[in-house]
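See below for the structure under consideration.
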Amino acid sequence: MSSMDKVLARISQSSLRLKLLFSILAAVLFISVAIALISRYILVSSLTNELEARGFAIAHSVAERGGSYILDDNIPPLLTLIFDEAKLRQRKNLVSYIFIENPRGDILAHTLTRKLPDNLRGNSIPAGSSTSIKLVKLDGQPIYDLATAIHEGLYPIGTVHVGLNKTHIDALVGKLRVVFLGFISAVIVITILLSSWLSKYITKPVSDLTRLSDEISRGNFDIPLQFGDEHWDTSKCPAFTNTDLPCWHFDQSRDGERPDNLHRTCADCTFYRKHEGDEVIQLGDSFRNMVWSIKLYRRRLRESEEKYRSLFDSGPDPIFVVDCGTGEIRDANPRTLELYGHTKDELTGMKFLDLGPDHNAGCLEYFIEGGGGCVYFPKLIHYRNDGEPFFVNMHACPISYRGRQAIIIAVTDITELIEKDAQLIQAGKMKSLGEMSAGVAHEINQPLNAIKLGSEYLALVSEEDLDIPKEHFREVVNEISIQVDRAAEIIDTLRSFSRKSELLEESVDLNQPIEAVLSMLRRQFELDNITFDLDFCKDLPPVQAHSNRLQQVVFNLVANARDAINDKSAHEPSSERRISIRTGTENGKVFVEIEDTGTGIDKEDRHKVFEPFFTTKEAGQGMGLGLAITYGIVRDYGGQIRIQSEKGIGTVFRMEFPAPGVRGGTA
């Protein structure tokens with residue numbers, strides 16, 4: 001690297017203040033020196049010319065006044081004349097000598113006190129000119145010899161020589177140089193002072209901005225905001241001390257309106273303001289306002305982040321952050337580690353699908369396909385680290401996490417709730433079995449009677465050794481076998497109905513649980529003069545549910561229908577006693593309708609019939625849990641139950657179930 005490159009490198013690395021200072025100094029110095037040199041040249045030349053002109057003026061004066069003396073050869077007055085001219089005022093320092101010679105070269109008079117040196121006589125006037133100038137020496141001193149011709153009319157009668165002291169002239173020029181040097185020095189000193197002040201004035205805000213920018217780039221937003229002599233007290237800003245309060249100047253000020261009482265100190269805000277001044281001041285103010293805004297809203301962001309991070313970490317339920325694109329878990333709160341039995345490192349990067357392979361795929365697909373808003377997935381099955389299943393409710397919402405589309409999923413462990421619900425349902429089944437006991441006993445008694453008659457007949461034949469046709473014997477045996485199968489079927493139905501449901505769902509044909517309930521109740525209802533009108537759709541699509549729970553639903557609705565019919569018959573003995581059950585598909589859903597010809601439901605009671613412990617029956621006739629359990633079971637399977645009722649006409653309960661798949665609904 002050359003010396004020039006090194007100099008340029010050092011200049012480029014110097015501060016802006018030094019660059020401004022030296023740039024201004026160099027520019028002013030260059031201009032000052034240029035002006036000084038030009039002025040010196042002009043003034044020195046003018047001074048020299050002026051002195052030469054003054055010398056020639058002396059010579060002309062002597063020539064005009066001394067011409068008559070030369071013609072009269074009157075030397076004493078001539079001598080007096082040249083002495084007077086040489087010593088007049090300040091001329092004695094400028095004029096070294098004056099002498100006059102005739103055309104023949106003879107010296108007529110001179111002002112020297114000694115013999116005139118011969119070297120002074122060498123300045124001849126050229127032909128065609130009336131003056132001449134030549135540098136000569138007198139006693140070693142340089143002298144400008146100015147020669148002027150003396151004329152009388154057209155004829156020359158002599159020459160006047162005036163010697164000007166070049167040393168004196170140089171001294172005058174030196175004084176002029178000192179004056180110009182002083183002028184340049186004064187300009188330089190003033191320039192340094194002005195440049196220093198100006199560079200400081202310009203670079204101080206820039207230095208402050210640079211200092212703040214460096215601190216902000218390091219993430220230090222708590223640095224005190226100091227610009228020049230200003231010190232900001234952040235406690236004076238109500239929006240800074242109370243992050244729930246919006247900044248009036250930044251968020252709410254419109255068209256010069258005055259702040260309300262909550263922002264009463266904001267009218268004369270010391271933070272957001274514009275100074276009257278040049279661009280440097282305005283730049284500093286703009287940057288300061290920007291820094292204050294960043295500081296204010298960074299504080300709010302940090303406080304908000306800390307608040308929601310504390311909520312995230314201290315939440316009683318597991319919370320996941322799942323990447324939409326990859327399906328991987330990006331973050332999880334401590335409760336997740338406790339419930340699922342995984343470590344934080346194991347969960348981070350794990351596929352969310354691995355925690356619930358049966359249902360989680362639907363949640364991810366919902367958001368990948370562009371589903372908006374939050375979605376609720378009830379009663380899904382997840383698995384712990386050891387493979388143990390448990391039930392959860394899942395609430396998922398789309399978020400942006402570290403620049404990527406993600407889902408925040410809150411999970412609630414409802415296993416204990418499911419178990420209690422199952423216990424309640426089981427208790428309801430036992431109650432239902434108690435209510436069905438008479439009808440079931442009658443249903444079982446019929447095949448038992450038939451079996452007893454057949455077995456007694458065969459015993460009689462055997463005891464009396466009667467000879468009966470083989471066809472009769474075979475017919476009796478077959479009938480006994482049929483009645484045994486019938487009794488076994490009734491017992492299996494009872495056992496299936498009373499059995500506690502499994503956790504895992506299965507594919508169920510809705511016609512099957514209806515037929516199972518009717519096999520236990522139909523005979524009993526018919527003895528009570530209640531007829532059934534059945535309209536079952538063949539080849540129904542299966543739904544994901546539990547058969548014995550659906551039996552509980554059908555039993556509850558049919559039992560309520562019987563009670564409503566009996567209530568109506570108590571007041572209208574001739575009224576129709578019929579229960580209609582229909583199944584089918586509509587709009588991609590499987591439905592079941594159970595209609596009765598009972599008393600109907602009052603309009604004001606329809607929205608309350610599914611509430612727990614709500615009942616219109618008399619005390620001791622029911623606890624009001626049947627329809628509440630029915631509603632819960634239907635909702636568990638992603639279905640809906642609706643009521644159509646008219647007082648005095650009857651009621652229709654319609655249940656709709658989705659096709660198999662993930663059941664989720666927007667929340």
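Observations
- The 1.4 Å probe gives accessible areas that order ASP386, ASP636, largest first, as ASP386, ASP636.
- Taking all protein chains together and a 1.4 Å probe, the residues ASP323, ASP563, ASP170 rank ASP170, ASP563, ASP323 from largest to smallest accessible area.
- When the surface is traced with a 1.4 Å probe over the full set of protein chains, GLU489 keeps roughly 110 Å² accessible.
- When the C-alpha to C-alpha distance is required to be over 21 Å, the pairs from LYS608/LYS647; LYS307/LYS379; LYS420/LYS608; LYS420/LYS589; LYS379/LYS603; LYS134/LYS175 that qualify are LYS307/LYS379; LYS420/LYS608; LYS420/LYS589; LYS379/LYS603; LYS134/LYS175.
- Surface accessible to a 1.4 Å probe, VAL136 within the full protein complex, Å²: 10 Å²
- Under the convention that each Lys and Arg Cβ holds +1 and each Asp and Glu Cβ holds -1, the size of the dipole of the stretch 64-168 around its Cα centre is about 520 debye.
- Ordered by 1.4 Å accessible area with all protein chains kept, LYS589, LYS647 run largest first as LYS647, LYS589.
- FRET efficiency for LYS175 and MET290, using Cβ-Cβ distance with R0 set to 45 Å, rounded to 0.05: 0.15
- Taking every protein chain into account, the 1.4 Å probe leaves ARG300 with about 40 Å² of accessible area, to the nearest ten.
The values are calculated or read from the model by the stated rules, or taken from the named source; none is laboratory data. Quantities reported herein were computed from a predicted structural model and do not represent experimental measurements. Because the Cβ atoms are built from the backbone with ideal geometry, glycine has one as well, and the counts that use them run over all protein chains shown. Each accessible area value is taken on the protein alone, full model and side chains, heavy atoms only, with ligands, DNA and RNA left out. Shrake-Rupley method; radii C 1.70, N 1.55, O 1.52, S 1.80 Å.
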